[in-house]
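The next block holds one structure in the form of structure tokens; read it before the comments.
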Amino acid sequence: MSEDELAGLTQAAKASGWKELRAEVFPERIRRFDGVPARIEGWMIPGRVEGRKVLDFMLVRDNAACCFGATPKDDEWIQVVMAGGAHASYARYAKIAVEGVLSIGGPVLVEGLSPPALRMNATRCDVIEAPR
């Protein structure tokens, strides 16, 4: 997304009191992916973990996008929730592929953080490139 489009998302989130991003505030070329099955590759930043099962995570496009690297921009990460009893396994520094259905916008996930622009209800998560 362009800097102007990202600024528009920030303005929309601010107008909602940082509570949500409605799909209507996204450009049509982004909105058309709402409800579409997809397979997307990237790196995992785990969220909720039960035992050794990762139930949700941030999928980021850059392995350095974590606490030691640059914070990903609003369009550089996807909030992934594993669906229907599925779970992911965390492999540090491994590139993964996630399959599921995309959704655009939605409510905040954690108080004090911006609402995610992109989400995925995932059914599968596989390591495709192990760390060296």
query = If the Cβ limit is 6 Å and pairs must be 6+ apart or interchain, which residue in segment 1-19 that is under 14 Å from LYS73 (Cα atoms) pairs with which residue that is of a type in the set (Phe, Trp, Tyr) and at pLDDT 80 or above?
reply = none
ask   = Is it the case that segment 39-54 has a residue that's more than 21 Å from VAL127 (Cβ to Cβ) and of a type in the set (A, V, I, L, M, F, W, C)?
value = no
ask   = Does segment 19-39 contain at least one residue that is charged (D, E, K, R), under 22 Å from PRO107 (Cα atoms), assigned to a loop (DSSP other than H, G, I, E, B) and open to solvent by less than 70 Å² (accessible area, probe 1.4 Å)?
value = no
ask   = Do you know which residues across segment 108-132 are at pLDDT 80 or above and either over 22 Å from GLY84 (Cβ atoms) or open to solvent by 50 Å² or more (accessible area, probe 1.4 Å) (or both)?
value = ALA117, ASN121, THR123, ARG124, ASP126, VAL127, ILE128, GLU129, ALA130
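So, of the residues in segment 55-69 that are within 23 Å of CYS125 (Cα to Cα) and of a type in the set (Gly, Ala, Ser), which turns out to be surrounded by the fewest Cβ atoms within 10 Å (Cβ to Cβ)? Steps first, please.
Within segment 55-69, the first condition is being within 23 Å of CYS125 (Cα to Cα), and the residues that meet it are 55-67.
Now drop any that are not of a type in the set (Gly, Ala, Ser), which leaves 64-65.
On the way: ALA64: 10, ALA65: 20.
In this case the residue turns out to be ALA64.
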request  = Filter segment 76-92 down to residues that are within 19 Å of ALA117 (Cβ to Cβ) and either among the polar types (S, T, N, Q) or open to solvent by less than 50 Å² (accessible area, probe 1.4 Å) (or both) and give me whichever is modelled with the highest pLDDT.
outcome  = VAL80
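The values are calculated or read from the model by the stated rules, or taken from the named source; none is laboratory data. This is a predicted model, so every value here is computed, not measured. Positions of Cβ are generated from backbone atoms using ideal geometry, with glycine treated the same way; all protein chains shown enter the neighbour counts. Side chains are part of the model used for accessible areas, which takes the heavy atoms of the whole protein and leaves out ligands, DNA and RNA. Shrake-Rupley method; radii C 1.70, N 1.55, O 1.52, S 1.80 Å.
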